[in-house]
Amino acid sequence: MNSAVNASQEPKMAPSGTNPPLWLLAELTYRCPLHCAFCYNPVDFATKTRELSTADWLRVLREGRAMGAVQCGFSGGEPLLRDDLEELVAEARQLGYYTNLITSGIGLTAERAARLRAAGLDHIQLSFQDSTREINDLITNTRTYERKHEVAKIIKANGWPMVINVVIHRLNIEHIGRIIEMAHELGAEYIELANTQYYSWAYVNRDQLLPTRQQLIDAEAETDRWRAKLGDQMRIFFVTPDYHEAKPKKCMNGWGNVFLTITPDGTALPCHTAAMLPGLSFPNVHDMPLREIWFESDGFNRYRGTGWMKEPCRSCADKEKDLGGCRCQAYLIAGDPDATDPVCSKSPHHPKVLAAVTLAENRASGCSTLGQAVPHQPLIYRGPKESLRISRG
């Protein structure tokens, strides 16, 4: 793929009016007991084994709070694999962050939950893969279904808000009513039905995961039925899918606008997949303080605002609404991170998105448009061996 990004261009300062980040996402580790086929961790994660020390993370938390960040999410991989998680949570709470643990739940025992509660953890977002054991175990390549239900009970017993996240794709989208019912039975106050975004491992498995348009229509209608049935008992958020839409979403609520992600090795990113983009240099917290990273680094300033845009974005009436869409999606599909997000119907690369949707329709029916059988392709699971194989080409 060719990139339009010029790595030698002059450094850019943040546009006037750029605010400090509100969200600090601390990706503590890429280690994880699950092997989800849609994982957003980088496909080459196995080549990145270095992790920040406890002292490094404590400094990052302090610098982020001094800048004005008010929410801190601890994620991974699986953040529970870090033995210092309680210490980091306690420091974040003492600094005044609202703290959120984003977890598969694997490793959250009653004893550890008590320690995290004592440390001041405010919130846990628990991931589920499906309402059935079969799909949960298939998509994660593990046997964790019962354990997740046990963890849900531990969360409720500690008085945390029950927030459930379920990534939606072709293998579970027809279970969406049962997924919502399961969340309600577990006592969830909120469920996020996150239609898969196709980058990282989900992009590798896109042909196996992308649902049909009719499946999405039916799923949204079923979601609306449950909203009407449950009313205020549980909030249900249905994340708009990308490939089946004609308009792109604003990337991370604006590149370098709200979210600051720190990867396990200390690389700072405006979104958790931005490291894939060619021609960009993202600084490390070992080499530069967070304030300088946020306001002065080339990586964070490259796609701020609208000045970087080319046609058709540049003259589009919606450019301030969507800010050109997702840069990673533009790179993966168009081969150019400067391009209009190909999800947009105005993009010259939009036919590639339509072709992917057509392939999904054909896979669902088992036949191509020419009546030929579509061969089955197995899922490629997130794991060190596959990561090394893919990264080496």
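The values are calculated or read from the model by the stated rules, or taken from the named source; none is laboratory data. As the structure is a computational prediction, the values presented were derived from the model and not from experiment. Please note: Cβ atoms are built from the backbone with ideal geometry, for glycine as well, and neighbour counts cover all protein chains shown. All accessible areas refer to the heavy atoms of the entire protein, side chains included, with ligands and DNA or RNA removed. Shrake-Rupley method; radii C 1.70, N 1.55, O 1.52, S 1.80 Å.
Return the residues of region 262-281 that are open to solvent by less than 10 Å² (accessible area, probe 1.4 Å), of a type in the set (Gly, Ala, Ser) and over 14 Å from the mean Cα position of the chain (by Cα); say none if nothing qualifies. Of everything in region 262-281, those that are open to solvent by less than 10 Å² (accessible area, probe 1.4 Å), of a type in the set (Gly, Ala, Ser) and over 14 Å from the mean Cα position of the chain (by Cα) turn out to be Gly266, Ala268. Scanning region 184-194 for residues that are part of a strand (DSSP E or B), over 19 Å from Asn41 (Cβ atoms), open to solvent by 10 Å² or more (accessible area, probe 1.4 Å) and of a type in the set (A, V, I, L, M) yields a count of 0.
Rundown of residues vs (1) modelled with pLDDT under 95; (2) farther than 22 Å from Ala188 by Cβ; (3) part of a loop (DSSP other than H, G, I, E, B); (4) among the hydrophobic types (A, V, I, L, M, F, W, C), yes/no style:
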position	(1), (2), (3), (4)
Thr49	yes, yes, yes, no
Ala55	no, yes, no, yes
Gly64	no, yes, no, no
Gly73	no, no, no, no
Leu80	no, no, no, yes
Ala118	no, yes, no, yes
Leu121	no, no, yes, yes
Ser131	no, no, yes, no
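Residues of region 323-346 that are assigned to a loop (DSSP other than H, G, I, E, B) and within 19 Å of Gly299 (Cα to Cα): Leu323, Gly324, Gly325, Cys326, Gly335, Asp336, Pro337, Asp338, Ala339, Thr340, Asp341. In this structure, does Ile106 turn out to be under 30 Å from Ser391 (Cβ atoms), β-branched (Val, Ile, Thr), touching an Asp or Glu at 6+ places or on another chain (Cβ under 8 Å) and open to solvent by 20 Å² or more (accessible area, probe 1.4 Å)? The answer is yes for Ile106.
Condition first: open to solvent by less than 80 Å² (accessible area, probe 1.4 Å), at pLDDT below 95, charged (D, E, K, R) and part of a helix (DSSP H, G or I). Now tell me which residues in region 207-249 satisfy that. Across region 207-249, the qualifying residue is only Asp207.
Taking the conditions exactly as written (open to solvent by 40 Å² or more (accessible area, probe 1.4 Å), closer than 25 Å to Leu171 by Cα, not in a loop (DSSP other than H, G, I, E, B) and not aromatic (Phe, Trp, Tyr)), does Pro378 satisfy them or not?
no
Mind listing whichever residues of region 16-39 are open to solvent by 60 Å² or more (accessible area, probe 1.4 Å) and at pLDDT below 95? Matches in region 16-39: Ser16, Gly17, Asn19.
Might you check whether a residue that is free of Cβ contacts under 8 Å to residues at least 60 places away in the same chain, out of contact with any strand residue (DSSP E or B) (no Cβ under 9 Å at 6 or more places or on another chain) and more than 17 Å from Thr340 (Cα to Cα) occurs anywhere in region 263-270? Step through it out loud before you land on a result.
Initial filter on region 263-270 (free of Cβ contacts under 8 Å to residues at least 60 places away in the same chain): 267-270.
Filter again for out of contact with any strand residue (DSSP E or B) (no Cβ under 9 Å at 6 or more places or on another chain), leaving none.
No, every residue in region 263-270 fails to be free of Cβ contacts under 8 Å to residues at least 60 places away in the same chain, out of contact with any strand residue (DSSP E or B) (no Cβ under 9 Å at 6 or more places or on another chain) and more than 17 Å from Thr340 (Cα to Cα).
The listed residues are Ile135, Ile164, and the only one of them that is within 22 Å of Tyr40 (Cβ to Cβ) and either open to solvent by 50 Å² or more (accessible area, probe 1.4 Å) or not in a helix (DSSP H, G or I) (or both) turns out to be Ile164.
In the set Ala69, Ala152, which member is open to solvent by less than 10 Å² (accessible area, probe 1.4 Å) and assigned to a helix (DSSP H, G or I)?
Values: Ala69 fails: assigned to a helix (DSSP H, G or I).
None of the other options fit; the residue is Ala152.
Looking at the structure I just gave you, is Arg235 over 16 Å from the mean Cα position of the chain (by Cα), basic (Lys, Arg) and closer than 18 Å to Asn165 by Cβ? Here the answer is yes, as Arg235 does meet what is asked. Suppose the filter is open to solvent by 40 Å² or more (accessible area, probe 1.4 Å), farther than 28 Å from Val89 by Cα, of a type outside the set (Lys, Arg) and under 23 Å from the mean Cα position of the chain (by Cα); does Gln197 pass it? For Gln197, the condition - open to solvent by 40 Å² or more (accessible area, probe 1.4 Å), farther than 28 Å from Val89 by Cα, of a type outside the set (Lys, Arg) and under 23 Å from the mean Cα position of the chain (by Cα) - is met. Of everything in region 195-206 that is assigned to a loop (DSSP other than H, G, I, E, B) and of a type in the set (Ser, Thr, Tyr), the residue that is farthest from Met234 (Cα to Cα) is Tyr199. Looking across region 250-261 at every residue that is in a loop (DSSP other than H, G, I, E, B) and open to solvent by 50 Å² or more (accessible area, probe 1.4 Å), the one that is nearest to Pro20 (Cα to Cα) is identified as Asn257. Residues that are in contact with a His (Cβ under 9 Å, 6 or more places away or on another chain) and among the hydrophobic types (A, V, I, L, M, F, W, C) within region 40-78 comprise just one, Leu52.
Among the residues of region 311-322, those that are surrounded by fewer than 13 Cβ atoms within 10 Å (Cβ to Cβ) and either in a loop (DSSP other than H, G, I, E, B) or free of Cβ contacts under 8 Å to residues at least 24 places away in the same chain (or both) comprise Glu311, Ser315, Ala317, Glu320. Looking across Glu181, Glu146, one residue alone is assigned to a helix (DSSP H, G or I) and either of a type in the set (Phe, Trp, Tyr) or exposed (fewer than 15 other Cβ atoms within 10 Å of the Cβ) (or both). It is Glu146.
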